[in-house]
């Protein structure tokens, strides 16, 4: 056998022995898990209130403007009719007294009748009325996630909903979003 062949066999043996030792060491050493198992996911919500304006057409009844505010026409007409009727009663000075009383009572009654007629003198129109209402709804802003990494349990808040596992690199969770925060 020549010297170079013996040298090659010795070097090859050393390399194989070293490789086997390193391989055995890696197999026996504890491996870091590549994933954390998701145990529970709870939605984190916030209530959002959105105001909006609602308008609708409404039928409105209004009184006509009064032309005779002091009800003079009704009072005078009632007094004249009351006076004429009072004049038909009695005789002599009683007739004068009945005429005055009839005029006073008729004037009062005429005033009230005209007032009632003015109050009932109405018209309707359609008016657009608006008011603000507030719509309320819940919005998901994140997820509280409980997980198990190896033998330890932990929790994290994530922006996106995770699946059954969360990737792990060098013992650290890899969260999908840079916005995720740990509590």
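The values are calculated or read from the model by the stated rules, or taken from the named source; none is laboratory data. Bear in mind that the values here come from a model prediction, so they are computed numbers and not experimental data. Every residue, glycine as well, gets a Cβ built from its backbone with ideal geometry; the counts of neighbours run over all protein chains shown.
Here is how the numbers come out for the structure above:
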quantity	calculated
Which numbered condition residue 44 misses (of (1) more than 30 Å from residue 136 (Cβ to Cβ); (2) at pLDDT 80 or above; (3) surrounded by 12 or more Cβ atoms within 10 Å (Cβ to Cβ))	(1)
Hey, residue 57 exposed (fewer than 11 other Cβ atoms within 10 Å of the Cβ), in the same structural domain as residue 127 (by TED's automatic domain parsing) and at pLDDT 75 or above or not	yes
Which numbered condition residue 158 fails, given (1) surrounded by 14 or more Cβ atoms within 10 Å (Cβ to Cβ); (2) not assigned by TED's automatic domain parsing to the domain that holds residue 37	(2)
Residue check for residue 108: under 60 Å from the mean Cα position of the chain (by Cα), under 30 Å from residue 38 (Cα atoms) and either at pLDDT 90 or above or in a helix (DSSP H, G or I) (or both)	no
Residue match in segment 118-137 (condition: surrounded by 14 or more Cβ atoms within 10 Å (Cβ to Cβ), more than 31 Å from the chain's Cα centre (by Cα), at pLDDT below 85 and in a helix (DSSP H, G or I))	yes
Check on residue 147, within 55 Å of the chain's Cα centre (by Cα), modelled with pLDDT of 85 or more, assigned by TED's automatic domain parsing to the domain that holds residue 48 and closer than 30 Å to residue 50 by Cα	no
